[in-house]
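**Q** The structure that follows is given in the form of structure tokens.
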Amino acid sequence: MHVIVVIEWGLLVLGLFGLVTSSVFLVMALEGARRFRREAVRQDMALAARPEFLPAISLFKPLHGNEATLEENLRSFFEQDYLEHVAAAGGSAMVNGVSRVEVLFCARDESDEGLAIARRVAEAYPAITTRILTSGEPWAANAKVCSLATMAKVATHDLWVISDSDVRVKPDYLRRIALPFADEQVGCGTCLYRGLTVGGGLWSHLEAVGMTIEMSSGVCVASLLEPMQFALGPTMVARRRCVAEVGGFEAMAEYCADDFVLGNWIAQRGHRVVLIGHTIDHMVLHADFVDSMKHQVRWMKSTRFSRPKGHFGTSLTFGVPFGLLTWAAALLLGRPVLAWSALVGAVLGRSLQAWVVGSYVVQKRRTWPSMILFPIRDLMGIFFWALSYTSNRILWRGEVYELVEDGKMRRAAQQ
């Protein structure tokens, strides 16, 4: 009996410790959200003050097959108000013989369904120079980076915007993400994103709230502790010369988290990496339980190998799991007030986090669904974190890879 009591007290202490650490993270997330909103407002004012800053842009769009909403996603990049503002400012729509905004698409081969859709979309916007490229069979583990290297060789302009195929943007997107580069010290920029479900379903909504609240909270806390040291894949903006300084895309072709690597290496070279106060939509394509879980565990594994120390510490940021642990241990020890206070406090804390981050960071129109779902997603997060340590294998674009030291990856041997 004595041993059981010791175990119960041990679980209670562990639960209370986790509640303290997750509460500290919550406070930091709320402060990070406040600073993010303040900086976003400052950037809005700067955009109004310098509407004429409209540098020439090469937009990189790596593709791999067809996917739900791909055509609508691609169309949103052609429907930018960038060239209209160029004309209003008296600038030229053409630079070096191509449009001020050129769009580069690249897939492995000509038969890729994504390229067919890209061609169809591009034909509707003849004023925008579009190039359709193929990279061939990937020559390194990260096929996306192989496509980026192919596009870099033919890109005309010096400001590069790299964006995933499963994101959708508003017409002012290019103007807003280009603005920080009026400062020559800025070498890389990135922005946050909202998870937007395609077709609905509980699992896709839970994945979306993880993107929207958990990811954004983590980035806000990271930027609170130190200057930005990484980029986020859905949108990365970089100067041509800064990419060249780190060895070009070829240097990062063996890495899984190429977004983290690009921003981190540019920061190490002494350039500023900016978190842009503009949020885009990230389409959640995984509707069923299995696909959604695999996708989220892959994220966790990528983080584990890219930032092992930070990933280990992530376990202390989940509030609801520690609230449940405290609840169970306190009930076993005959302390119901402590039990229910811990559980209710943990749930309300995550709902508060969802409301603040959803309203003031990613600016969701409706935050109450996130306030309901995020405590559930927070509970699931500790299991994804634990599963990230079960193996070094991930499934990406239908192929199996092994993650190795320093965040690199390689194709898994056939079994």
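Just so it is clear, none of the values below were taken in a lab; they were calculated from the coordinates. Only a predicted model underlies this, so the values are computations on that prediction, with no experimental measurement involved. Please note: Cβ atoms are built from the backbone with ideal geometry, for glycine as well, and neighbour counts cover all protein chains shown.
**Q** Treat every Asp and Glu Cβ in segment 20-132 as -1 and every Lys and Arg Cβ as +1, leave all other atoms uncharged, and give the resulting dipole magnitude about the Cα centre to the nearest 20 debye.
**A** Numbers: 13 positive and 16 negative charges, 115 e Å.
Charge dipole, segment 20-132, about its Cα centre: 560 debye, nearest 20.
**Q** Straight-line reach from LYS170: which aspartates and glutamates have Cα under 16 Å away, leaving out those fewer than 8 places along the same chain?
**A** Within the straight-line limit of under 16 Å, LYS170 reaches these aspartates and glutamates: ASP44, GLU71, GLU72, GLU79, ASP81, GLU84, ASP281.
**Q** Viscosity 1.002 mPa s, temperature 20 °C: give me the Stokes-Einstein translational D for the chain in µm²/s, with Rh taken as the Kirkwood radius over C-alpha pairs. Provide the component values of the computation, followed by the final result.
**A** Details: Rh = 22.5 Å.
Translational D for this selection: 95 µm²/s.
**Q** With a ≥ b ≥ c taken as the square roots of the eigenvalues of the C-alpha gyration tensor of segment 1-139, please select rounded if a/c is under 1.5 and otherwise prolate if a/b is larger than b/c or oblate if it is not?
**A** Oblate is the answer for segment 1-139, as a/c is 1.5 or above yet b/c matches or exceeds a/b.
**Q** While we're on this one: Compute the signed sum of charges (Lys and Arg +1, Asp and Glu -1) over the other residues within less than 11 Å, Cβ to Cβ, of ASP259. Each step should come with its number before you reach the end.
**A** Values: positive: LYS144; negative: ASP164, ASP258.
Charge balance near ASP259 sits at -1.
**Q** Sequence gap at least 6, Cα distance under 8 Å: using those rules, report the relative contact order of the chain to the nearest whole percent.
**A** It rounds to 21 percent for the chain.
**Q** Let me ask you something else. Out of all DSSP beta bridges in segment 32-287, what portion is antiparallel? Express it as a percent rounded to 5.
**A** 35 percent
**Q** Please rank PHE78, PHE305, PHE289, fewest neighbouring Cβ atoms within 10 Å first, as an exposure proxy.
**A** PHE289, PHE78, PHE305
**Q** With a sphere of radius 13 Å drawn around the Cβ of LYS364, what net charge do the other residues whose Cβ falls strictly inside it have (Lys, Arg +1; Asp, Glu -1)? Before the final figure, lay out the partial values.
**A** Working: positive: ARG194, ARG365, ARG366; negative: ASP281.
So the environment of LYS364 carries a net charge of +2.
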